[in-house]
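In what follows, a single structure is set out as structure tokens and then discussed.
The values are calculated or read from the model by the stated rules, or taken from the named source; none is laboratory data. What you are looking at is a predicted structure, and each value in this text was computed from that prediction instead of being measured. Note: ideal-geometry Cβ built from the backbone for every residue, glycine included; neighbour counts use all protein chains shown.
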């Protein structure tokens, strides 16, 4: 029997799973799941950077008038854009010449690749989930720009999305820093204080993600008859409670990445997961064999994009210690 074309097998196997990989990543993390549910996973087709258009000031031409009063018509500079760099991630899937010989036969090779692709999927999902809580400086600045940058502990300094927070107050997220470790008696007053800071009319947080310790403190602060859960969120696979009608999701657990004593108040209307439309968990060079100086073949699962924000002032962070 002729030896099968391993490159084709690698390519077709990873291609057939790439759509599932992208979907699995969104289900691996509460934040990405909500962004996907709201339609805020918005692929970008190109460009040097990713832009998020936003308004930063009111129209100064407003005024009350009477009869033939002259109305102001001065040009108004009220629109701008936050700018985010493309970040890239990859997981190579490799099979050696010896493994090809040992797993002779198309079905046996596919079984081997399936196992390795599952590991690649979970690796990609875990690393993106980890990066969602980063400040984007990891790996020499190559890491995705996550919540530590979007909703920092000190929101009055630093540049985010190309906009200087020290200069522009509208670009500062909200923070409530408790003077001591959160307890069952102090957690809810602090949560209420932060909630009021994040509200503008009907714009309110629609997701609160929390680490292990602070989520447990909040859960323990509730009376049994107050432990309401959000059915919709639970159906997505996340254990949650509610605060002000908003799901409070444990985004910690085993190997979770939310800070153990941190809660993020998120208005996902203004948060966007922006993968590149041609690099959203897909194989690189699907029709070509990767060049190696070894007796091996490979295909690379790749992603490019970033987490962006168009309304930093609507996001909040509760630091529980």
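Observations on the structure shown:
- Within the range 130-187, being closer than 22 Å to residue 219 by Cβ, assigned to a helix (DSSP H, G or I) and in contact with a strand residue (DSSP E or B) (Cβ under 7 Å, 6 or more places away or on another chain) holds for one residue alone: 147.
- Filtered by the rule that a residue be surrounded by 19 or more Cβ atoms within 10 Å (Cβ to Cβ) and at pLDDT below 80, the range 247-280 gives 252, 256.
- So residue 194, is it surrounded by 20 or more Cβ atoms within 10 Å (Cβ to Cβ), modelled with pLDDT of 95 or more and within 18 Å of residue 315 (Cα to Cα): yes
- One residue from 297, 321 being at pLDDT below 85 and under 30 Å from residue 180 (Cα atoms): 321
- Flag if residue 200 is on the phi < 0 side of the Ramachandran plot, in contact with a helix residue (DSSP H, G or I) (Cβ under 9 Å, 6 or more places away or on another chain) and surrounded by 18 or more Cβ atoms within 10 Å (Cβ to Cβ): no
- Test result for residue 217, surrounded by fewer than 18 Cβ atoms within 10 Å (Cβ to Cβ), outside any strand (DSSP E or B), more than 16 Å from the chain's Cα centre (by Cα) and at pLDDT 85 or above: no
- Identity of the residue in the range 164-177, surrounded by fewer than 20 Cβ atoms within 10 Å (Cβ to Cβ) and more than 20 Å from the chain's Cα centre (by Cα), that ends up farthest from residue 317 (Cα to Cα): 167
- Set side by side, the residues 156, 145 differ, and just one is surrounded by fewer than 13 Cβ atoms within 10 Å (Cβ to Cβ) and closer than 24 Å to residue 268 by Cα, which is 156.
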